[in-house]
1. Filter segment A:32-53 down to the residues that are open to solvent by less than 20 Å² (accessible area, probe 1.4 Å) and more than 7 Å from every other protein chain (Cβ to nearest Cβ) and list them by number.
2. Right, A:THR119: of a type in the set (Ser, Thr, Tyr) and either in contact with a Pro (Cβ under 9 Å, 6 or more places away or on another chain) or not in a helix (DSSP H, G or I) (or both) or not?
3. Sort out which residues of segment B:1-36 are more than 7 Å from chain A (Cβ to nearest Cβ), open to solvent by 20 Å² or more (accessible area, probe 1.4 Å), at pLDDT 90 or above and touching a helix residue (DSSP H, G or I) at 6+ places or on another chain (Cβ under 7 Å), and write them in order of number.
4. Return a yes/no flag: does segment A:72-81 have any residue that is farther than 21 Å from A:ALA12 by Cβ, in contact with a Phe, Trp or Tyr (Cβ under 9 Å, 6 or more places away or on another chain) and among the acidic types (Asp, Glu).
5. Quick one: is B:LEU66 at the interface with chain A (Cβ under 10 Å from one of its Cβ atoms), at pLDDT 90 or above and under 16 Å from B:LEU5 (Cα atoms)?
6. Looking only at segment B:45-56, decide whether some residue is without any contact (Cβ under 8 Å) to a residue 40 or more places away in the chain, in contact with a Leu (Cβ under 6 Å, 6 or more places away or on another chain) and surrounded by 20 or more Cβ atoms within 10 Å (Cβ to Cβ).
7. Condition check: within 16 Å of the chain's Cα centre (by Cα) and open to solvent by 50 Å² or more (accessible area, probe 1.4 Å). Does A:ILE136 satisfy that?
8. I'm told A:LEU6 meets every condition in (1) crowded, with 22+ Cβ neighbours inside 10 Å; (2) more than 7 Å from chain B (Cβ to nearest Cβ) except one. Can you identify the failing condition by its number?
Amino acid sequence: MSRTILFPPLFATILRDRKLGSFICGAALLQLLLTLFGLPGWPCPLIHALGIPCPGCGLSRATVFLFQGHVKEAVTLHAFAPVLVLALGIITVCTLAPRQRIERLVTGTETLERYTGLTIILLSGLILYWLARLMILQAAFVRLIQS
Amino acid sequence: MLGILGMVVWLGCIICLIMVVIKMFQDKGALHGILGLICGLYAFIWGWLNADRVGIKNIMMIWSLLILISLVLGFVGGFSIPGMTPSTTP
């Protein structure tokens, strides 16, 4: 089995789709601004219906903390906030920059994804991180999301 | 009453999310599907951008309506999460 089949690219396909990228940037900016001003943003159906935080719960506030320079609070709230900031930064660059200029970046990202399986590792890490917080630190996790 | 209505709305949102994520799995593969499951906002954006192509316009309209209702109910009654404050965002 070849590596191409083992590790299909995900992030590179998002980077190539400028329409999707622009909507992601717009939605993320709106979500972060709403969170910054303490207004209700994108609601998580899982926590509202079942009371269980989803793997992404806390990411918006953690990202806002990160932008404010509160790294410790950000990582305590959600360890994947720096990854999200980096991903959003790359998506923004690829959405706004001329297509010829970003082609090397997108191709490089695709190669990295195909040969290292980085996206799969990160997604698996996120799910494991969520499961660990949910099973081992459940009360603290819910308290953290509530705060 | 509002609490029950809120629960029904949120369960509706979860059902819509699952239906869109199933379409993502079928159309874009497992990784996109997992990302949609983890990040509902991504599934929502992808759903609207591909609503006509994959035939989920009705689901997206229902999902959007449910989110709108949940926001209105949140303002009216401050219901939402069992034992939690209504301001919780991902």
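The values are calculated or read from the model by the stated rules, or taken from the named source; none is laboratory data. None of the values given here were measured: they were computed from a predicted structure. Positions of Cβ are generated from backbone atoms using ideal geometry, with glycine treated the same way; all protein chains shown enter the neighbour counts. Areas reflect the complete protein model, heavy atoms only, side chains present, ligands, DNA and RNA absent. Shrake-Rupley method; radii C 1.70, N 1.55, O 1.52, S 1.80 Å.
1. Of everything in segment A:32-53, just one residue is open to solvent by less than 20 Å² (accessible area, probe 1.4 Å) and more than 7 Å from every other protein chain (Cβ to nearest Cβ), namely A:PRO53.
2. Taking the combined requirement at face value, the residue satisfies it.
3. Across segment B:1-36, the qualifying residues are B:MET19, B:LYS23, B:PHE25, B:ASP27.
4. yes
5. Against the criterion (at the interface with chain A (Cβ under 10 Å from one of its Cβ atoms), at pLDDT 90 or above and under 16 Å from B:LEU5 (Cα atoms)), B:LEU66 qualifies.
6. Checked against the condition, which is being without any contact (Cβ under 8 Å) to a residue 40 or more places away in the chain, in contact with a Leu (Cβ under 6 Å, 6 or more places away or on another chain) and surrounded by 20 or more Cβ atoms within 10 Å (Cβ to Cβ), segment B:45-56 yields no hits at all.
7. Working: within 16 Å of the chain's Cα centre (by Cα): no; open to solvent by 50 Å² or more (accessible area, probe 1.4 Å): yes.
When the stated conditions are applied, A:ILE136 does not pass them.
8. For A:LEU6, the failing item is (1).
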